[in-house]
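Each value in this text was obtained by applying a stated rule to the coordinates, not by laboratory testing. These figures come from a predicted structure and were not determined experimentally. Every residue, glycine as well, gets a Cβ built from its backbone with ideal geometry; the counts of neighbours run over all protein chains shown.
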Amino acid sequence: MKSPSPYTVFRTATLLTVTAFFAVLCTWPCIALAANDVIGDKSDIAVGWIRTAVKFVLVVAVLGSGLLAAFGRMSWTTVGQVLIGAVIAGTADAIVNGLYSVRAA
């Protein structure tokens, strides 16, 4: 009889560990809610960093295209398209937050 491969043993052990973890979370919901606070704080920090990076890229795109158009290296219609794209990308965050801001009272 052939012994199972180490990958199969690892995969089975991981599956059993994850199943046990979720069984504990379902049994004790207070643990799940405590983890939610920590995960929510970390995700808010990550989203803040992403928003800052996106705003920086948008500012550089608008300023760079404006400078290129001022020196004749780019047409002003392209700058208008970049500006419209930046406005759409900048307000997409507010639109999504407005759509999904339904909170339980």
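Amide H contacts under 5 Å for residue 74: 69, restricted to partners 5 or more places along the chain or on a different chain, H placed in the peptide plane at 1.01 Å from N.
Relative to the globular-protein estimate of 2.2 N^0.38 Å, the Cα radius of gyration of segment 35-86 stands at 1.71. Each peptide in 56-62, 90-96 gets a packing score, the mean of other Cβ atoms within 10 Å over its residues, and the list from highest to lowest is 56-62, 90-96. Where a ≥ b ≥ c are the square roots of the eigenvalues of the C-alpha gyration tensor, would you call the chain rounded, which needs a/c under 1.5, or, failing that, prolate if a/b is larger than b/c, or oblate? Because a/c hits 1.5 or more and a/b fails to exceed b/c, the chain counts as oblate.
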